[in-house]
Amino acid sequence: MLDLFSWGEAGWGDEFLNGLATTLKLAIAAYALGTVIGTLGALAKLSKRRWLAGAAHLYSTTFRALPDILVMLFIYFSASLILTATLKQFGIDRFVGVGPFAAGVVALGVINGAYFSEIIRGAIIAVPRGQFDAARALGLSRWHVLRFVILPQVLAIAVTPMGNMWVIVLKDTALVSVIGAHDILYWGSVAGTSLRKPFTFYLAAVILYLALTAVSGVVQARIERRFDRLRIGAVK
Amino acid sequence: MIDPELALSILPDLLRGAVTTLWLVAIGVVAGLSLALPIALARNARFRLVRSCAYAYIFFFRGSPLLAQVFLLYYGAGQFEWLRQSALWTILREPYWCAIIALSMNTAGYTAEILRGAFLNVPGGLLEAAKALGLSRLKAFWLVKLPLAARLSLHAYGNEVIFLTKSTAVMSLITVIDLMGAANLIYRRTYNPVTPLLTAAAIYLVLIYLLILIFRFIERRLNAHLAA
């Protein structure tokens, strides 16, 4: 049975490896996008401008309440239509397509950005105000305080939930298989259907995901240990 | 693209799908809780074999995507001739039943972890007091440990139920006609993706908001003794 997963024409090993690469690329891109959106969202939620905070809260509440598959299908089906129609307003009369990879990254980034904004906002709030005041009293400039006192503590508090989000994003990427991106689950479907062995290949896909999760857990524990000495003053 | 008339006309179909979604959630909650309790207890059991099995179960269902799990069950079951001949086939060939099984086992994995954490966080003094009062191990569990753990896990479990509700949408991909499935059908019929998906999204927002209100109410009632 192991020859089913070999390299080359007869085996699906190389396809699964390509799927693994695609899954990782998707997850990293979506995670990065989510972090950017989440940081901006967190800062917006903490802003003194109420309309900005309100808008950020609305965004985060909405995208934490919608199913991921719905957002992804909406973006995949509608993005092409909306982009084409919008560009037509500017006189560009071409069809603009959004591929499954891009749609997946945008969808996952936007959805998880909502969760990230809550995490980062919570981490920023959790650092005691006294840290900032004491550092300023010691003569540090605002930038120095942020960079060397506040930011490390924010990161230390946020590191565990951010690590959990990585695993969540990793598993969420499986949804792109239904819009045609060639990830792990996609190849599991294709191989399983064409060889009439769906259980074998879906099990292989599941085992691959479990391996990714396990490795991520080990790496996360390592990273958290590096941050342990920084968890001073704030509640974990 | 956004067609209010269409939105109104498809509302009955979508609401029928929403009923299926609610059934999936309800059965998922009940079955998930029933499975999660023994698994959470097994996580702290005396025998290493029992502990390992519980850990393996939780690792399997939390470490892989729900979509992969349900594909494995629904499409994978058909690979085995002996399974197709057996009595189980009447259940396993139905998408609705596979959805329920996959959802329940998946949420049981997450819920078991929540319960395990809650069990560990029950104040030891209260358990000692129960022992001092002469309550048997079983009575102390049912009357003291479990209710306290339930109250501690309420917030995290509320989040888990919301995740469960969102996860039911994935079942549309194995042809279950829930809210998401109904919206998909309408898209394929009308070639207009925006209106059905947006309308379904609105309904999901309403459902989840109702769930949040319910859990907030329960939390306030059960934690009334903590209120200022």
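Loop-only chymotrypsin sites (Phe, Trp or Tyr not before Pro) in the range B:1-70, please: DSSP not H, G, I, E or B, and at most 13 other Cβ atoms within 10 Å.
B:Phe47
Could you work out [θ]222 nm for chain A from helices alone, using -39500 (n - 2.57) per DSSP H run of at least four and dividing by all its residues? Round to the nearest 500 deg cm²/dmol.
Rounded to the nearest 500, it is -25500 deg cm²/dmol.
May I ask you to work out the translational diffusion coefficient for the range B:82-148 at 10 °C, viscosity 1.306 mPa s, via Stokes-Einstein with Rh from the Kirkwood sum over Cα pairs, reported in whole µm²/s? Walk me through the numbers before you get to the answer.
On the way: Rh = 15.0 Å.
Calculated translational D: 106 µm²/s.
Under a GNM of chain A (C-alpha, springs under 10 Å), which listed residue has the highest mean-square fluctuation: A:Gln131, A:Gln89, A:Gln220?
A:Gln89
Counting Lys and Arg as +1 and Asp and Glu as -1, what is the net charge of the other residues whose Cβ lies under 15 Å from the Cβ of B:Leu143? Walk me through the numbers before you get to the answer.
On the way: positive: B:Lys131, B:Arg137, B:Lys139, B:Lys145, B:Arg151; negative: B:Glu128.
That sum, taken over residues with Cβ under 15 Å, equals +4.
How big, on average over all directions, is the shadow cast by the Cα convex hull of the range B:1-50, in nm²?
That works out to 5.8 nm².
Could you identify which residue out of A:Val145, A:Val206, A:Val106 has the top mean-square fluctuation in a GNM of chain A using Cα springs shorter than 10 Å?
Among A:Val145, A:Val206, A:Val106, the largest mean-square fluctuation in the Gaussian network model of chain A belongs to A:Val145.
So, how do all the Cα-to-Cα distances of the range A:95-192 break down into 10 Å bins, in percent, from 0 on up?
14, 30, 22, 17, 11, 5, 1
Which of the three applies to the range B:125-228, rounded, prolate or oblate, going by the alpha-carbon gyration tensor with a ≥ b ≥ c and a/c under 1.5 meaning rounded?
It comes out prolate by the Cα gyration axes.
At what distance in angstrom do the alpha carbon centres of the range B:1-74 and the range A:47-102 lie from each other?
Here the two parts' Cα centres lie 28 Å apart.
Using the membrane-span-like helix rule (whole DSSP H runs, Cα extent along the own axis of at least 15 Å, mean Kyte-Doolittle hydropathy at least 1.6), which helices of chain B qualify?
Values: long enough: B:4-43 (54 Å, 1.47); B:48-63 (21 Å, 0.61); B:95-121 (39 Å, 0.67); B:146-167 (28 Å, 0.53); B:179-190 (17 Å, 0.22); B:194-222 (42 Å, 1.71).
Once both thresholds are applied, what remains is B:194-222.
Over the alpha-carbon set of chain A, work out the extent along each principal axis and list the three values in angstrom, largest first.
Computed over the Cα atoms, the extents are 70, 52, 27 Å.
For A:40-48, what's the mean count of beta carbons from other chains sitting within 10 Å of each residue's beta carbon?
Rounded to a whole number, the mean comes out at 0.
Using a 10 Å cut-off around each Cβ of peptide B:202-212, what is the average number of partner chain Cβ atoms that fall inside?
Average neighbour count from other chains, rounded to a whole number: 2.
Could you tell me the center-to-center distance, by alpha carbons, between the range A:152-220 and the range B:141-192 in angstrom?
Going from one Cα centre to the other spans 20 Å.
Rank the residues A:Trp143, A:Trp166 as a footprinting-exposure proxy: fewest other Cβ atoms within 10 Å of their Cβ go first.
The fewest-first ordering by Cβ neighbours comes to A:Trp143, A:Trp166.
Can you figure out the FRET efficiency of A:Trp51 with B:Ala87, using R₀ = 56 Å and their beta-carbon distance, to the nearest 0.05?
In this case the efficiency is close to 0.35.
Using a 10 Å cut-off around each Cβ of peptide A:79-87, what is the average number of partner chain Cβ atoms that fall inside?
That average works out to 1.
Where q = 0.10, 0.16, 0.17, 0.18 Å⁻¹, what log10 of I(q)/I(0) comes from the Debye formula for the range B:1-159, counting one point per Cα?
Scattering profile of the range B:1-159, log10 relative to I(0): -0.53, -1.00, -1.07, -1.13.
From the gyration tensor of the Cα coordinates in the protein assembly as shown, what semi-axes in whole Å does the equivalent ellipsoid have, largest first, with each one equal to sqrt(5λ)?
So the three semi-axes of the protein assembly as shown are 36, 32, 25 Å.
What number, rounded to the nearest 500 deg cm²/dmol, is the helix-based mean residue ellipticity at 222 nm of chain B, given -39500 (n - 2.57) per DSSP H run of at least four residues and division by all its residues?
Value at 222 nm, helices only, nearest 500: -26000 deg cm²/dmol.
Any idea what the dipole of the protein assembly as shown comes to, in debye rounded to 20, about its Cα centre with Lys/Arg Cβ at +1 and Asp/Glu Cβ at -1?
Dipole about the Cα centre, nearest 20: 1940 debye.
Return one number: the angle in degrees, 0 to 90 and rounded to the nearest 10, between the long axis of the Cα atoms of helix A:68-89 and the longest principal axis of the Cα atoms of chain A.
For A:68-89 against chain A, the angle is about 90 degrees.
May I ask you to list the trypsin sites (Lys or Arg not before Pro) in the range A:39-119 that are in a DSSP loop and have at most 12 other Cβ atoms within 10 Å of their Cβ?
A:Lys48, A:Arg49, A:Arg94
Where a number appears in this text, it was derived from the coordinates with a stated rule and is not lab data. Owing to the predicted nature of the structure, the values given are computational and were not obtained by experimental measurement. A quick note on method: Cβ atoms are made from the backbone with ideal geometry, for glycine too, and the neighbour counts reach across all protein chains shown.
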